[in-house]
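To keep things clear, I will list the structure first and then write my remarks on it.
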Amino acid sequence: QGHLVESGGGLVQAGGSLRLSCKASRMITSTVNTAIMGWYRQPPGKERELVASMTHGRAANYAESVKGRFTMSRDSTKATVYLQMNDVTPEDTAVYYCNRVTRELPWGPGTQVTVAS
């Protein structure tokens, strides 16, 4: 079964930047490359929320809470989606996941982002 693997998280100071990556395994490469993909996050004690999405044509949408600070991109040659996070705040602390926006694929392990004030 195909899977998604997120990476790039870590501890960062408020105002700093991180770049997250999410790579699809070979079995689901074409699925991911043609899908609307999204970045989700789950803060401690809260439900998972969608923060960014992008069509295969690279049209992007962002949650208000991250608009102007986060940028999503994708590289179909690598079956990978990215999330550039700039000017982060402690409220961005969460586990970040990627997935297909419609008809979810199996969730990956996520990558922890912790923003220190």
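The values are calculated or read from the model by the stated rules, or taken from the named source; none is laboratory data. Computed from a predicted model, the values in this text were never measured in an experiment. Positions of Cβ are generated from backbone atoms using ideal geometry, with glycine treated the same way; all protein chains shown enter the neighbour counts. For the accessible areas, the whole protein counts, side chains as well, though only heavy atoms, and no ligand, DNA or RNA atoms are used. Shrake-Rupley method; radii C 1.70, N 1.55, O 1.52, S 1.80 Å.
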Notebook entry, point to check: Exactly which GluC sites (Glu not before Pro) in the stretch 50-117 are in a DSSP loop and have at most 13 other Cβ atoms within 10 Å?
Noted result: 64, 104
Item checked: Histogram of C-alpha separations across the chain, 5 Å bin width, % -> 2, 13, 25, 26, 19, 10, 4, 1, 0
Next item on the list: Provide the FRET efficiency to the nearest 0.05 for the residue 7-residue 67 pair, computing r from the beta carbons and using R0 = 25 Å.
Entry: 0.55
Note to self: Taking 0.36 nm per residue of sequence separation and subtracting the Cα-Cα distance, how much length would be gained by fully extending the chain between residue 26 and residue 14, in nm to one decimal?
What the structure shows: 0.7 nm
Check: Of 117, 53, which has the most accessible area and how do the rest follow, probe 1.4 Å?
Finding: 117, 53
Checklist line | Computed over the chain: relative contact order in percent, which uses C-alpha pairs under 8 Å that are six or more apart | finding: 37
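Could you give the length gained by full extension between residue 102 and residue 42, i.e. 0.36 nm per residue of separation minus their alpha carbon distance, to one decimal place?
19.8 nm
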Next item on the list: Taking all protein chains together and a probe of 1.4 Å, list 27, 85 from the most accessible to the least accessible.
Entry: 27, 85
Next item on the list: List, in order, the whole-Hz ³J(HN,Hα) value for each residue of the stretch 72-85 obtained from phi through the Karplus relation with A = 6.51, B = -1.76, C = 1.60 and θ = phi - 60°; use x for Gly and Pro.
Entry: 9, 9, 8, 10, 5, 5, 10, 6, 10, 10, 10, 9, 8, 10
Check: From the backbone phi of the stretch 58-68, what are the Karplus-calculated ³J(HN,Hα) couplings (6.51 cos²θ - 1.76 cosθ + 1.60, θ = phi - 60°) in whole Hz, Gly and Pro given as x?
Finding: 6, 7, 10, 9, 9, 5, 4, 5, 10, 4, x
